[in-house]
Amino acid sequence: MKLLRAHLFLLISAVLLVGCSLVKSDTFIFTADLPPNFYYRASAVYVPAKGETCTVPGGKNTHVGFNRHWRKEYKPDSEIALYRTVSGCPMVVSHLQLQIYSTYGNDRGDFGVDKATVVIREELPAKFQKEFSVNDESYFHGQCQFLFRTSGGKRRIVKILDCKGEDENGVLARGRPVAGYTLDQLQGKTVKLQIKLVKEEKPYMGDTWVKVKNGWKRCMGKGFEDQYAFCNGNYKDFSGFMMPDGKQCTIYPGCTE
């Protein structure tokens with residue numbers, strides 16, 4: 001009898017294990033491999049599932065946020081639900097809206113931000129679908145660069161973050177980083193955004209800085225009250241400017257010539 005019970009126990013355990021292995025996860029992990037001082041904020045956007053005619057009043061609770069307070073608490077891994085029911089309406093995730101942040105100074109406004117997107121559909125043409133590796137991970141790539149300019153009467157340096165998509169061979173796209181998946185691709189998988197930062201910065205606006213041997217010099221324009229201060233052919237009169245840390249400089253990024 002004990003032997004029979006032991007066999008039954010092993011059989012039931014095996015059945016349970018097989019059953020569990022067949023159950024697919026209704027979530028996937030989004031994560032990002034980012035340079036130092038980079039962060040992301042994500043919003044998972046949900047729409048009524050295929051065949052559903054229900055609606056959600058005002059679209060309330062159809063967006064789920066991750067890393068909303070990225071300055072205080074940042075987690076690189078976000079678990080995204082594929083399906084949700086909101087106000088009695090069965091919904092599916094349609095895309096992830098991603099904001100990429102990078103800080104460059106100590107003031108609260110010293111950051112640049114740009115966007116990326118993960119598109120999710122019931123069906124997608126094969127050419128728009130990203131593939132997964134044998135370890136159930138999929139990657140999409142981007143390249144970001146800081147564009148610098150001056151702002152205000154003190155001509156303080158501020159930076160704009162400019163991000164472009166990149167393929168596996170390093171070829172830049174015209175638009176921002178984007179990846180596409182179908183719902184059945186994502187169950188239990190991991191999607192990772194990989195961003196690299198271009199070391200060399202460049203001016204945000206043309207004809208405002210002059211390239212010299214050791215960096216860039218700021219054209220004076222009509223004076224410090226001239227916010228645009230285009231060079232307009234005058235490549236001899238330059239102005240000083242203030243770095244984000246308050247240092248007064250004459251050449252960017254090395255400060256002194």
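Before moving on, here are some points about what is shown:
- Complete set of residues in the range 81-108 that are more than 14 Å from residue 47 (Cα to Cα), touching a residue at least 12 places away in the same chain (Cβ under 8 Å) and either loosely packed, with under 12 Cβ neighbours inside 10 Å or hydrophobic (A, V, I, L, M, F, W, C) (or both): 98, 100, 106
- Residues (within 17 Å of residue 80 (Cβ to Cβ) and either aliphatic (A, V, I, L, M) or without any contact (Cβ under 8 Å) to a residue 12 or more places away in the chain (or both)) located in the range 170-185: 178, 179, 183, 184
- So residue 148, is it touching a strand residue (DSSP E or B) at 6+ places or on another chain (Cβ under 6 Å), more than 20 Å from residue 116 (Cβ to Cβ) and assigned to a strand (DSSP E or B): yes
- With respect to (1) in contact (Cβ under 8 Å) with a residue 12 or more places away in the chain; (2) within 30 Å of residue 246 (Cα to Cα); (3) not in a strand (DSSP E or B), the lone exception for residue 114 is condition (3).
- Residues (exposed (fewer than 11 other Cβ atoms within 10 Å of the Cβ) and over 16 Å from the mean Cα position of the chain (by Cα)) located in the range 60-75: 60, 72, 73
- Under the condition of being among the small types (Gly, Ala, Ser) and under 22 Å from the mean Cα position of the chain (by Cα), the residues counted in the range 76-93 number 2.
- Residue among 126, 116 that alone is of a type in the set (A, V, I, L, M) and surrounded by fewer than 19 Cβ atoms within 10 Å (Cβ to Cβ): 126
- Residues satisfying the stated conditions in the range 190-213, i.e. in a loop (DSSP other than H, G, I, E, B) and of a type outside the set (S, T, N, Q): 198, 199, 200, 201, 204, 205, 206, 207, 213
- Boolean, residue 191 is over 21 Å from the mean Cα position of the chain (by Cα), aliphatic (A, V, I, L, M) and at pLDDT 95 or above: no
- Close pairs from the range 120-145: first over 23 Å from residue 44 (Cβ atoms), partner surrounded by 11 or more Cβ atoms within 10 Å (Cβ to Cβ) and among the acidic types (Asp, Glu), Cβ under 6 Å, at least 6 apart: 143/166; 145/162
- Every test in (1) in contact with a strand residue (DSSP E or B) (Cβ under 9 Å, 6 or more places away or on another chain); (2) without any contact (Cβ under 8 Å) to a residue 12 or more places away in the chain; (3) not in a loop (DSSP other than H, G, I, E, B) is passed by residue 216 save one, and that test is (2).
- Residue match in the range 136-147 (condition: surrounded by 12 or more Cβ atoms within 10 Å (Cβ to Cβ), aromatic (Phe, Trp, Tyr), more than 30 Å from residue 83 (Cβ to Cβ) and outside the structural domain of residue 31 (by TED's automatic domain parsing)): no
The values are calculated or read from the model by the stated rules, or taken from the named source; none is laboratory data. Only a predicted model underlies this, so the values are computations on that prediction, with no experimental measurement involved. Neighbour counts run over all protein chains shown; Cβ positions are idealised from the backbone, glycine included.
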